[in-house]
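These notes are about the structure you will find just below.
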Amino acid sequence: MAANPSDGLTVGAGHGRLHLDQLAVGAPSAVRRLPAAPKLAGLFAFVTVVAVTPRWAVGALVADAALVVALVVIARVPALVVLRRLVALAPFLAFALTLPLIGTGEQVDVGPVALSVDGLWAMWNLVAKATIGATAAIVLTATTPVPDIVRGLEDLRFPRVIVAIVAFMVRYLELVADQLGRTRLAMTARAHDPRWLWQIRPIASSVGSLFVRTYERGERVHLAMAARGFEATMPVTGWVTPIRRSDVVVALLPAVAASTFAITIVIGT
Amino acid sequence: MLAMHAPDGFLEPQVALVTALASAVVVAWCLRRAADELDDRRIPLAGLAAAFIFAAQMFNFPVASGTTGHLLGGALAAILLGPHVGTIVVTVVVVVQALLFADGGITALGYNVMNMAIVPAFAGWALFVLFRRVLPTNAAGVVGATGLAAGVSVVLASVAFSLQWLFGASAPVPFDTVFSAMVAVHALIGIGEGMLSAAVVAAVLAARPDLVRGAQDLTPAQLGDGDRVKARTFVIGALLVVVTFAAVVSQFAFDDPDGLERVAIDQGFIGSARDHAFGGSLFADYATRGIGNEQVSLAVAGLAGATVALLVGYGLASASRWPRTRPTG
Amino acid sequence: MRDLRFRYPGAAEPVLDGLSLVVAAGERVAVLGANGSGKTTLVLQVNGLLEPEAGEVEVSGVRLDRAAMRDVRRQVGMVFQDADDQLFMPTVLDDVAFGPANLGVRGDALGERVTDALGAVGASHLRHRTPHHLSGGEKRRVALATVLAMRPALLVLDEPTSGLDPRGRREFAEVLQHLPAAQLIVTHDLPFALATCPRSVIIGGGRVAADGPTREVLADVALLARHDLELPFGYPPPR
């Protein structure tokens, strides 16, 4: 919880105003051109390898970080965009910074302060892996329009019902968020500016009515689907995303590289 | 706060893997059950509900004089939509947050889904059902049960995280430090969550009571009956409960660690041997090192874990049999 | 439609009470009536989204009942009032493909249907856009395309001009005029009805209260007044 001016419009949790169509930014690049499914698989593989890499394999993790930065450059994602989207990590990075101070175990003297050795390693581990993982995900979303990501999940054979729910959620997210924002605005305009928890009834009431409206929209959407012939399962279009072998290879390169770094360092020790 | 939307590397890989598998199994099961409950409507309804939960989570509500908090929504989703659909909905929200917004690590999805979706939805539902048994069978009863269940569900989520820390700590912070810090903070967060969830359910009950799955057994007469709980009363009441609970527990556990240990031994949670309670490589070294009194911590872990597991299990079981009675006409 | 009767659960009065209406192939009919007169209820009966208490609906010679639902829904295309309810897929392309894909059309044939439908409404350039970011008029046209892709015999439109600016209305009217399907247009927008539909019916008292050439129906100010209808302020009755 952070102190926040309650202007009614500030949307918290680090997301800011939602603009799903602006998630994919930057100029065309080789990364952008890759189809979504291999990119997603490549991301999952890479992040998994990084997470499994032992913290003492410093060289490997540093190489992974360099690799991710290289990806940011190749994908032509503006650095500011990456930094802005890394904001969600802030509380965890702050926590990581305290670890050398609060950590138990062997201590080492750094200048006037006694720091925990394990705490230092833990700080390194968390900062490295969290940042690398988040940046890799940012590269993906910055180079892949949201509908393509959804199609990518489908191509990767995720359960069709889940993919469909994700698609619907993403489609209506901005609409619902806008409605909520407008309700808050209307309330603030009528001088309702609550500062204490027990004054939330009107806000909660508006959230409740938003749920009702959203649910009713869900019922109407279902009617519209039925009117267009929907029965129980989402239709199959028979359209296939052209995925070349080379796309898959390219997309898996980061994961292979990270594995190589890790194995090299581990074997060398 | 720190127990939610955890990034990659926050917990060790073995915990990430085990929780991922467990979460996948539970979510898959929820899909099957949701298909029975909602048939072909589940896709648009779950999708829209997920959009709602996501939006509601973004929304900050005042806590005290400029400070704001956020809704987690797991218990609320379960009470409105039923625990199966509720779990699916919050799972989708968590996955999309990780994938599209880098809010939460992709390798952390296993425990993030478990802590933000599965535990709050099922344990929250279980608590809701239990509280409804003792509260009056009317709208106020449903609202009160919602508030209490939602508040406690947040604490349980932090307990679940603490237990995961016990097995997969990535930093040398002992389990009891994590546990007490997490539970304390989330007890306070839970008050806000409980209030907001209760107020939202009250609003939905007033407009379209058929949309509150947890109130499906109420007749129109029962819905209209009963007084409304004053918000301030609720907050004060909840604070009192939390403070009392903390006082009792600390009295018991920390002033008299042997007492808690005795209870735990009697109940079979730990053996009476006094050596290394946390022997063996099952527990993370970081989490067990530096613990003041290992027996107590193990007892606390065992009790807490058992509580969460029992509640989630009860939630899973009772969800299938709900509602027990249907209104006629 | 013959002798339709329908009552919403919990309502004292039936909304539709012995309503009968025949629409010929390719005909364009405006459905007028006051709020609550049953216009929307009526059109929801046509493709089976609501079931009548009594009476029957027949589309292209096929009686509407449970078994025939799928066939009828292929023949009847509904464009709802709120386009956001109807555009639920990630992109326009996906939305327009949804209907025919449900009917079993696949691959290249599906691609053709989508292209044709988008072309018919002048929205080909919107193919890859996300529905949320379209303007009101664009959403309307795309919603129409999603239905046209199913090649229906009858189009039913519920308040197609609400929220559109004058240019949007005109463009939409032009699109409708080039479509071969029969059209039932529920609307408040009397000038729009005049511009697009040669024939109008007024719903009142649960049944068809008036049925004739639009020009005549709108010229009869007393008739309109009896059913709480009014020409827009300052708009002279057609002569």
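The values are calculated or read from the model by the stated rules, or taken from the named source; none is laboratory data. Predicted model, so just to flag it, every value in this text is computed and none were measured. A quick note on method: Cβ atoms are made from the backbone with ideal geometry, for glycine too, and the neighbour counts reach across all protein chains shown.
Go through B:L38, B:L76 for me and flag whichever is over 15 Å from A:A88 (Cα atoms), surrounded by fewer than 24 Cβ atoms within 10 Å (Cβ to Cβ) and of a type outside the set (S, T, Y). Break it down into steps so the answer makes sense when it comes.
Values: B:L76 fails: surrounded by fewer than 24 Cβ atoms within 10 Å (Cβ to Cβ).
Testing whether each residue is over 15 Å from A:A88 (Cα atoms), surrounded by fewer than 24 Cβ atoms within 10 Å (Cβ to Cβ) and of a type outside the set (S, T, Y) leaves just B:L38.
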| request: Select the helices (runs of 4 or more DSSP H) contained entirely in region B:101-192, then report the ones holding at least 3 residues which are within 22 Å of A:P91 (Cα to Cα) and touching a helix residue (DSSP H, G or I) at 6+ places or on another chain (Cβ under 6 Å). | output: B:109-113, B:139-168
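Can you list the strands (runs of 3 or more DSSP E) found entirely within region C:133-239 that contain at least 3 residues being within 17 Å of the chain's Cα centre (by Cα)? I'd like the intermediate steps shown before the answer.
Numbers: elements: C:154-158, C:182-186, C:199-204, C:207-213.
In region C:133-239, C:154-158, C:182-186, C:199-204 are the strands (runs of 3 or more DSSP E) which contain 3 or more residues that are within 17 Å of the chain's Cα centre (by Cα).
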| note | Pairing a residue in region A:233-250 that is closer than 14 Å to C:A97 by Cα with any residue that is in a helix (DSSP H, G or I) and aromatic (F, W, Y), where Cβ atoms lie under 8 Å and the two sit 6 or more apart in sequence or on different chains, gives A:P235/C:F98
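Residues are listed down the side, and each one gets a yes or a no for (1) at pLDDT 90 or above; (2) in contact with a strand residue (DSSP E or B) (Cβ under 8 Å, 6 or more places away or on another chain); (3) among the basic types (K, R):
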| site | (1), (2), (3) |
| --- | --- |
| A:R190 | no, no, yes |
| A:W196 | no, yes, no |
| A:G218 | yes, no, no |
| A:T233 | no, no, no |
| A:V236 | no, no, no |
| A:W239 | no, no, no |
| A:P242 | no, no, no |
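For region C:102-120, state whether one or more residues are part of a helix (DSSP H, G or I) and within 18 Å of A:A226 (Cβ to Cβ). First the steps, then the outcome.
Of all residues in region C:102-120, those part of a helix (DSSP H, G or I) come to C:102, C:107-120.
The next check asks that each one be within 18 Å of A:A226 (Cβ to Cβ); those that pass are C:102.
Yes, some residue in region C:102-120 is part of a helix (DSSP H, G or I) and within 18 Å of A:A226 (Cβ to Cβ).
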| said: Every residue in region B:1-30 that is at the interface with chain A (Cβ under 9 Å from one of its Cβ atoms), buried (at least 20 other Cβ atoms within 10 Å of the Cβ) and closer than 30 Å to A:E219 by Cβ, please. | reply: B:V27
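Please verify whether B:V134 is without any contact (Cβ under 8 Å) to a residue 12 or more places away in the chain, over 29 Å from A:H19 (Cα atoms) and hydrophobic (A, V, I, L, M, F, W, C), treating the condition exactly as stated.
Numbers: without any contact (Cβ under 8 Å) to a residue 12 or more places away in the chain: yes; over 29 Å from A:H19 (Cα atoms): yes; hydrophobic (A, V, I, L, M, F, W, C): yes.
Considered against the rule, which asks whether it is without any contact (Cβ under 8 Å) to a residue 12 or more places away in the chain, over 29 Å from A:H19 (Cα atoms) and hydrophobic (A, V, I, L, M, F, W, C), B:V134 comes out as yes.
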| note | Checked C:P213, C:P180 against criteria (under 16 Å from C:G26 (Cα atoms) and free of Cβ contacts under 8 Å to residues at least 60 places away in the same chain); the one match is C:P213
| task | Quickly run through region C:62-83 and pick out the residues that are surrounded by fewer than 22 Cβ atoms within 10 Å (Cβ to Cβ) and over 16 Å from the mean Cα position of the chain (by Cα). | result | C:V62, C:R63, C:D65, C:R66, C:A67, C:A68, C:M69, C:R70, C:D71
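Kindly indicate the residue of region A:140-149 that is over 10 Å from the mean Cα position of the chain (by Cα) and touching a residue at least 40 places away in the same chain (Cβ under 8 Å) and also surrounded by the fewest Cβ atoms within 10 Å (Cβ to Cβ) among those meeting that condition.
Of region A:140-149, the ones over 10 Å from the mean Cα position of the chain (by Cα) are A:142-149.
Now narrow it down to the ones that are touching a residue at least 40 places away in the same chain (Cβ under 8 Å): A:142-146, A:148-149.
On the way: A:A142: 23, A:T143: 26, A:T144: 25, A:P145: 19, A:V146: 24, A:D148: 22, A:I149: 25.
Among them, the one singled out is A:P145.
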| note | All-but-one check, B:G104 against (1) at pLDDT below 95; (2) touching a Gly at 6+ places or on another chain (Cβ under 6 Å), failing number (2)
| task | Would you mind telling me which numbered condition in (1) surrounded by 12 or more Cβ atoms within 10 Å (Cβ to Cβ); (2) at pLDDT below 65; (3) within 25 Å of B:S180 (Cα to Cα); (4) of a type outside the set (A, V, I, L, M) B:D275 fails? | result | (1)
| message | Need a quick list: strands (runs of 3 or more DSSP E) entirely within region C:1-45 having at least 3 residues that are surrounded by 15 or more Cβ atoms within 10 Å (Cβ to Cβ), touching a strand residue (DSSP E or B) at 6+ places or on another chain (Cβ under 6 Å) and at pLDDT 55 or above. | response | C:16-19, C:28-32
| note | Flagged in region C:99-117 as surrounded by fewer than 24 Cβ atoms within 10 Å (Cβ to Cβ) and within 7 Å of another protein chain (Cβ to nearest Cβ), in numbering order, are C:N102, C:L103, C:R106, C:G107, C:L110
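Here's a check for you: in region B:61-71, which residue that is in contact with a Ser or Thr (Cβ under 9 Å, 6 or more places away or on another chain) and farther than 15 Å from B:A199 by Cβ is modelled with the lowest pLDDT? Can you show your working first?
In the first step, residues of region B:61-71 are kept if they are in contact with a Ser or Thr (Cβ under 9 Å, 6 or more places away or on another chain); the result is B:61-62, B:66, B:68, B:71.
When the remaining residues are screened for being farther than 15 Å from B:A199 by Cβ, the result is B:66, B:68.
On the way: B:G66: 62, B:T68: 71.
Checking each candidate, the answer is B:G66.
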| request: Scan region A:159-192 for residues that are within 17 Å of B:D39 (Cα to Cα) and within 9 Å of chain B (Cβ to nearest Cβ) and jot them down. | output: A:P159, A:V161, A:I162, A:A164, A:I165, A:F168
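Tell me the helices (runs of 4 or more DSSP H) entirely within region A:61-147 that contain at least 3 residues that are within 25 Å of A:S29 (Cβ to Cβ), out of contact with any helix residue (DSSP H, G or I) (no Cβ under 9 Å at 6 or more places or on another chain) and more than 7 Å from chain B (Cβ to nearest Cβ).
Details: elements: A:79-85, A:90-102, A:117-143.
Counting at least 3 such residues, we get A:79-85.
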